[in-house]
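Below is one structure, written out as structure tokens, with a few remarks after it.
The values are calculated or read from the model by the stated rules, or taken from the named source; none is laboratory data. Because the structure is predicted, anything quoted here is derived from the model rather than measured. Neighbour counts are summed over all protein chains in view; Cβ atoms, including those assigned to glycine, are modelled from backbone coordinates with ideal geometry. Accessible surface is based on the protein model in full, side chains and every heavy atom, while ligands, DNA and RNA are left aside. Shrake-Rupley method; radii C 1.70, N 1.55, O 1.52, S 1.80 Å.
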Amino acid sequence: MGGKQGDHNEAYGRAAKYDPSFRGPIKNRSCTDIICCILFLLFIVGYIVVGFVAWLYGDPRQVLYPRNSTGAYCGLGENKERPYVLYFNIFSCIVASDVITVAQNGLQCPTPQVCVPSCPDTPWAVESSQFSMTVGEVFYKENRNFCLPGVPSDMIVLQSLQQELCPSFLLPSTPALGRCFPSVNINFTLPEFPWINNSTVAQGVSGLLDTINARDITVRIFEDFAQSWYWILVALGVALVLSLLFIFLLRLVAGPLVLVLILGVLGVLAYGIYHCWEQYRTLRDRGASISQLGFTTNLRAYESVQETWLAALIVLAVLEGVLLLLLIFLRQRIRIAIALLKEASRAVGQMMSTMLYPLVTFVLLVICIVYWATTALYLATSGQPQYVYWVSNASTPGCENVTVNQSCDPTAQSESLCPGLMCVFQGYSSTGLVQRFLFNLQIYGVLGLFWTLNWVLALGQCVLAGAFASFYWAFHKPRDIPTFPLTAAFIRTLRYHTGSLAFGALILTLVQLARITLEYIDHKLRGAQNPVARCIMCCFKCCLWCLEKFIKFLNRNAYIMIAIYGKNFCVSAKNAFMLLMRNVLRVVVLDKVTDLLLFFGKLLVVGGVGVLAFFFFSGRIQGLGKDFENPHLNYYWLPILTSILGAYVIASGFFSVFGMCVDTLFLCFLEDLERNDGSADRPYYMPKSLLKILGKKNEAPPGDKREK
């Protein structure tokens, strides 16, 4: 199993040969995949240009700030002291269209809107005795400055109400997203006016109450976060400590832990076999057979027939037998996997800075996502707002000749005789230089998002691989480990291998975009597809999913080879694949053992934090004192779920570093077996635990070789 191992399997390439000049990650290297590097840099420049164009033509104020009926922003310019918009008849917002359409149109609806300094806090309605009075007497003198701008104070109130220049009623409201929404407890009878459709109002009240209840839930959620955020941070700190503790304990208990996990899987399968047998025996005694049931689309009905449990019993028994055979015949390789897990824990302990690198990756990912979201927002608001005429009742006298949906200017004074005619917001224009290419620019932005995200992840994998490879190929640990290995690997990767990382990220991006496109097509055509078409679509999606998983696996190992040898992406991917195929059994065992162990670690961290958060936030832990008293919450499950999600993210970040360390050490171990034979001139670099498992030894201390 020394340097001649690969000679027995020429189909997967020749084994790596001994190189006396090899000292771990090669320092004298050159730039790789230059063409892809130039393409990636040009793409980034174009991505920046797209952001500049979006910033030049876009106006996110159209989303962030509400508009009044004249098109002016509330809270800006002349309305700086009037940050809120008041809807004359907010119920028309609910029945005019569905909530999603209203949100996409900037929360606009076919009713006059006016900017106000504050939302009304008391209910009020125009009385019939006030119809003959003037606007100044009813509204302005009573500090009800809720009429549209420019309404003269000597106008008759009835006329202003018919033309919807002033509100006929006010409801106690609270501001949300710059809009005045009625308060939760509405105990107020709406007035009956001939120009108001009461049935529409009744429908609107029902829909509005649902919206208000949803908003009230949102307010309570924010209150809970405000009361419990520091305890959530404590829970995340506990997750951090548990993750570090689990990795450090692997040095001491990796073997027993793996054994317990394997026996646990065997035990679960054994219980499954027992349960299936009991169900099968019970149904067999009852005579419940599939011949009596026949064919049905109700899958739950098959639980009541004996053949279902018999088939499940056979499958579980086969799995149990296969796992036992693997445990017997592959025990040597399982011991190698355990030794590599211990060595990975040791490597992480020697280079604690690697545990902080996920923060760098997280910051870079946030920058990529924020830039894309900002650019997309600016592009979406690059058109000018369009306004059209609208009237609630076209049969009203004077409105017969009004052309509805015709373009209009909200700032112009209307001279129409049609009461209630308004110039309302319709949408954003689709004409212009940016609008003609808006779809292509958004596609460019999506491509930029996926490519940059995958490149950042690739950068992290390659940098960590370079650092951990430096650990493995050090003869005397920790004396021979380079100073600042993580920083050196980071600089080396950015300087020489930006193009290779971009190449691998581009391949993965294209597959992911293909999956997204297929999902979109399937969503659009789901109602028109027959069973055969759905089956074909499902097969395509399954194939793309498998392809994405394979590319991620291949890229990960290619980045390790790039970090060690500094060759281009294709050569590194080929060498990594051939090396793994020459040791396919070891790869399978190590991959499954590592996945099982990391899954158990995540389960331990997330489960521990979840249980602790549940007992604390639900008030089941008593006697902690006032300083540790659980906060009073509306929904105590909310901080529990937040703590669990945060613990999962933290555990995933730490264990991703540990998993990268295991994969890197494993490839180095395989290369070590092929390069060296344990002689005085070619001693092994692997730790003594692996030498003992393999029944090998170094004939001379590694230091003798280094001194030559």
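With respect to the conditions (1) open to solvent by less than 60 Å² (accessible area, probe 1.4 Å); (2) at pLDDT 85 or above; (3) closer than 28 Å to Val587 by Cβ, Ala337 lacks only one, and its number is (2). Only a single criterion out of (1) more than 27 Å from Met561 (Cα to Cα); (2) modelled with pLDDT under 80 is not satisfied by Gly608, namely (2).
State whether one or more residues within segment 141-157 are in contact with a helix residue (DSSP H, G or I) (Cβ under 9 Å, 6 or more places away or on another chain) and assigned to a helix (DSSP H, G or I). Yes, because at least one residue in segment 141-157 is in contact with a helix residue (DSSP H, G or I) (Cβ under 9 Å, 6 or more places away or on another chain) and assigned to a helix (DSSP H, G or I).
Residues that are of a type in the set (Ser, Thr, Tyr) and open to solvent by less than 20 Å² (accessible area, probe 1.4 Å) within segment 638-671 comprise Ser643, Thr664, listed in sequence order.
Please work out which residue is farthest from the chain's Cα centre (by Cα), limiting yourself to segment 379-391 and to residues that are open to solvent by 50 Å² or more (accessible area, probe 1.4 Å) and modelled with pLDDT of 70 or more.
Tyr389
Pull up segment 94-120, narrow it to residues that are open to solvent by 70 Å² or more (accessible area, probe 1.4 Å) and either of a type in the set (Val, Ile, Thr) or closer than 20 Å to Asn79 by Cβ (or both), then point me to the one that is modelled with the highest pLDDT. Ranking the qualifying residues of segment 94-120, first place goes to Pro117. Here the condition is being basic (Lys, Arg) and in contact with a Pro (Cβ under 8 Å, 6 or more places away or on another chain); of Arg479, Arg492, Arg515, it holds for Arg492 alone. Looking at the structure I just gave you, is Leu177 open to solvent by less than 20 Å² (accessible area, probe 1.4 Å) and within 16 Å of Val114 (Cα to Cα)? It is false that Leu177 is open to solvent by less than 20 Å² (accessible area, probe 1.4 Å) and within 16 Å of Val114 (Cα to Cα).
Output yes when any residue across segment 452-472 is open to solvent by 30 Å² or more (accessible area, probe 1.4 Å), part of a helix (DSSP H, G or I), closer than 23 Å to Val363 by Cβ and in contact with a Lys or Arg (Cβ under 7 Å, 6 or more places away or on another chain), and no when none is. Yes, some residue in segment 452-472 is open to solvent by 30 Å² or more (accessible area, probe 1.4 Å), part of a helix (DSSP H, G or I), closer than 23 Å to Val363 by Cβ and in contact with a Lys or Arg (Cβ under 7 Å, 6 or more places away or on another chain). In segment 287-301, is there at least one residue being at pLDDT 75 or above and not β-branched (Val, Ile, Thr)? No, there is no match, as no residue in segment 287-301 is at pLDDT 75 or above and not β-branched (Val, Ile, Thr). The set of residues in segment 504-540 being of a type in the set (S, T, N, Q) and closer than 30 Å to Ala558 by Cβ consists of Thr509, Gln512, Thr517.
Can you find even one residue in segment 231-245 that is open to solvent by 40 Å² or more (accessible area, probe 1.4 Å), at pLDDT 65 or above and within 30 Å of Leu316 (Cα to Cα)? No, every residue in segment 231-245 fails to be open to solvent by 40 Å² or more (accessible area, probe 1.4 Å), at pLDDT 65 or above and within 30 Å of Leu316 (Cα to Cα). Residues in segment 66-93 that are within 28 Å of Leu441 (Cα to Cα), more than 30 Å from the chain's Cα centre (by Cα) and either modelled with pLDDT of 75 or more or buried (at least 16 other Cβ atoms within 10 Å of the Cβ) (or both): Arg67, Tyr73. Whether a residue is surrounded by 15 or more Cβ atoms within 10 Å (Cβ to Cβ) and closer than 23 Å to Cys74 by Cα was assessed, and Glu142 does not pass this test. Take Val63 and tell me if it is within 26 Å of Tyr389 (Cβ to Cβ) and at pLDDT 80 or above. Spelling it out, it is not the case that Val63 is within 26 Å of Tyr389 (Cβ to Cβ) and at pLDDT 80 or above.
Let's see how each residue does on (1) open to solvent by 60 Å² or more (accessible area, probe 1.4 Å); (2) among the hydrophobic types (A, V, I, L, M, F, W, C); (3) modelled with pLDDT under 85:
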| site | (1), (2), (3) |
| --- | --- |
| Ala505 | no, yes, no |
| Thr517 | yes, no, no |
| Tyr520 | yes, no, yes |
| Lys524 | yes, no, yes |
| Lys541 | no, no, no |
| Trp545 | yes, yes, no |
| Asn555 | no, no, no |
| Ile564 | no, yes, no |
| Leu579 | no, yes, no |
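Restricting Ile560, Ile564, Ile536 to residues that are in contact with an Asp or Glu (Cβ under 7 Å, 6 or more places away or on another chain), more than 16 Å from Val511 (Cβ to Cβ) and either of a type in the set (Phe, Trp, Tyr) or assigned to a helix (DSSP H, G or I) (or both) narrows the list to Ile560. What residue, among those in segment 313-334 that are surrounded by 15 or more Cβ atoms within 10 Å (Cβ to Cβ) and modelled with pLDDT of 85 or more, is farthest from Val265 (Cα to Cα)? Across segment 313-334, the extreme among qualifying residues is Leu313.
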